[in-house]
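Chemist: First the structure, which I've put down as structure tokens, then a few questions once you've had a look.
The values are calculated or read from the model by the stated rules, or taken from the named source; none is laboratory data. Just so we're clear, the structure is a prediction, and the values are computed from it rather than from any experiment. Cβ atoms come from the backbone with ideal geometry, glycine included; neighbour counts cover every protein chain shown. Only protein heavy atoms, including side chains, enter the accessible area calculation; ligands, DNA and RNA are left aside. Shrake-Rupley method; radii C 1.70, N 1.55, O 1.52, S 1.80 Å.
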Amino acid sequence: MSTRRPLIAGNWKMYKTVAEAEETARALAGQTTDVDSVDIMIAPPFTALTHVASLVKNSRVAVGAQNLFWEKEGAYTGEIAPGMLTEAGCRYVIIGHSERRQHFGETDETVNKKIAAALTAGLAPILCIGESEAQREADETFSVLDKQIKRGLKDLFANDLRELVIAYEPIWAIGTGKTATSEQAQQVHQFLRGLLAELFDEPFARSVRILYGGSVKPDNIAELMSMEDIDGALVGGASLNAETFARIVTY
Ligand code: PEP
């Protein structure tokens, strides 16, 4: 039996005004007061972070950002520093989401710098990795993930990575309604844990939470969570509605 505490994380992407974010966060906090065995996180857009963080302060819900820049401050127009996120009340930060890799040119190298900067600032990084449909069909899933992990965690040590969370998100399953089967996901999660043991050590690999992401819904979460190496979920679309997300959290 694993001692890893499940984490159900919601990625709101570029949705919700401040007022809408507050309304959803308030409702979610209200519907999860009895949850004590699962960690809950929501990642609103930057503009709503402070509002949402102060609203959920005394609830079961933690707040995360969807991105950060690795420098502490400077002439980097449009970027947000790690310390700004902690000041806004963030505990987590999503790094290297496939939408950022696809639309904003993020690479394993920039992801690596962002992970290091997040850890230095005391934020728990959620490192997103995943293969495309073409890569899966070409039997490249494991080699793609191997590269993303090795490059993303380059020059980092187990001791510094205690707060690390990994999110396996097959790109073909994000926002498509296609979910990996729980067996497909488990196979990958087991591979990732083995890789972490090889790169760091066994106790570290056993302690890292590995989330699954890709069209997670109230009706498929329990099956996914029954798998040995699945420690939670990163949820996009289904996290936008408080009631739906609360049903996932209370799977
Ligand atoms: C995501 O954005 O990380 C995600 C998994 O989206 P969805 O749940 O909508 O597939």
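Chemist: Return the Cα extents of the chain along principal axes one, two and three, sorted largest first, each rounded to a whole Å.
Modeler: 46, 45, 34
Chemist: Another question, if that's okay. Note down the relative contact order for the chain as a percent, whole number, built from C-alpha pairs under 8 angstrom at least six residues apart.
Modeler: 22 percent
Chemist: Per the helix-only calculation at 222 nm, which mean residue ellipticity applies to the chain, given -39500 (n - 2.57) for every DSSP H run of n ≥ 4 and division by its residues, nearest 500 deg cm²/dmol?
Modeler: Values: 11 runs with 100 residues, N = 251.
So the helix-based figure for the chain works out to -11500 deg cm²/dmol.
Chemist: Okay, next question. Could you derive backbone 3J(HN,Hα) for the stretch 124-134 from the dihedral phi with the Karplus parameters 6.51, -1.76 and 1.60 (θ = phi - 60°), listing whole Hz in sequence and x where the residue is Gly or Pro?
Modeler: For the stretch 124-134, the Karplus curve yields 8, x, 9, 7, 9, 9, x, 9, 7, 4, 4 Hz.
Chemist: Rolling a 1.4 angstrom probe over the protein heavy atoms, how many square angstrom per residue are accessible across the stretch 131-191? Spell out each step's value before the answer.
Modeler: Values: 3170 Å² over 61 residues.
Averaged over the residues of the stretch 131-191, the accessible area is 52 Å².
Chemist: Compute the longest continuous run of the chain that contains no exposed GluC sites (Glu not before Pro); treat a site as exposed when its DSSP state is not H, G, I, E or B and it has at most 15 other Cβ atoms within 10 Å. Don't jump to the answer; show the numbers that get you there.
Modeler: Values: sites that count: Glu71, Glu73, Glu79, Glu140, Glu228.
Longest stretch, sites excluded: 141-227.
Chemist: Stretch Ala75-Ser59 to full length: gain in nm at 0.36 nm per residue minus the Cα-Cα span? Write down the numbers at each step before the final one.
Modeler: Details: separation 16, 0.36 × 16 = 5.76 nm, distance 3.62 nm.
Here the answer is 2.1 nm.
Chemist: Longer than 29 Å from Cα to Cα, which of Lys57/Lys154; Lys154/Lys178; Lys150/Lys178; Lys16/Lys154; Lys72/Lys217; Lys113/Lys178 are they? Say none if no pair is. Walk me through the numbers on the way to the answer.
Modeler: On the way: Lys57/Lys154 34 Å; Lys154/Lys178 31 Å; Lys150/Lys178 27 Å; Lys16/Lys154 35 Å; Lys72/Lys217 37 Å; Lys113/Lys178 31 Å.
Flagged as over cut-off: Lys57/Lys154; Lys154/Lys178; Lys16/Lys154; Lys72/Lys217; Lys113/Lys178.
Chemist: Which length gain, in nm to one decimal place, applies between Ala138 and Leu199 when the Cα-Cα distance is subtracted from 0.36 nm times their residue separation?
Modeler: Numbers: separation 61, 0.36 × 61 = 21.96 nm, distance 2.54 nm.
Separation in residues times 0.36 nm, less the Cα-Cα distance, equals 19.4 nm.
Chemist: In nm, what is the difference between 0.36 nm times the number of residues separating His103 and Thr3 and their Cα-Cα distance?
Modeler: The span from His103 to Thr3 would gain 32.3 nm if fully extended.
Chemist: Moving on to the next point. Need one word for the stretch 108-182: rounded, prolate or oblate. Basis is the Cα gyration tensor (sqrt eigenvalues a ≥ b ≥ c); a/c below 1.5 gives rounded, then a/b vs b/c decides.
Modeler: Numbers: a/c = 2.67, a/b = 1.86, b/c = 1.43.
Prolate is the answer for the stretch 108-182, as a/c is 1.5 or above and a/b outweighs b/c.
Chemist: Place +1 on the Cβ of every Lys and Arg and -1 on the Cβ of every Asp and Glu in the stretch 1-76, take the dipole about the Cα centre, and give the residue among Ser54, Ala25, Phe69 whose Cα lies farthest towards its positive end.
Modeler: It is Phe69, whose Cα lies furthest towards the positive end.
Chemist: With a 10 Å cut-off between alpha carbons and a GNM built on the chain, which of Ala117, Ala233, Ala197 moves the most?
Modeler: Highest fluctuation among the options: Ala197.
Chemist: Mind checking the stretch 195-248 for chymotrypsin sites (Phe, Trp or Tyr not before Pro) that DSSP puts in a loop (not H, G, I, E or B) and that have at most 14 other Cβ atoms within 10 Å?
Modeler: Working: sites: Phe200, Phe204, Tyr212, Phe245; in loops: Phe200.
When the chymotrypsin sites (Phe, Trp or Tyr not before Pro) of the stretch 195-248 are filtered for loop state and at most 14 Cβ neighbours within 10 Å, nothing remains.
Chemist: Can you work out the Karplus-derived ³J(HN,Hα) for every residue in the stretch 85-100? Use 6.51 cos²θ - 1.76 cosθ + 1.60 with θ = phi - 60°, whole Hz, and x for glycine or proline.
Modeler: Per-residue couplings from phi come out as 6, 5, 4, 6, x, 7, 10, 10, 8, 7, 10, x, 3, 4, 5, 6 Hz.
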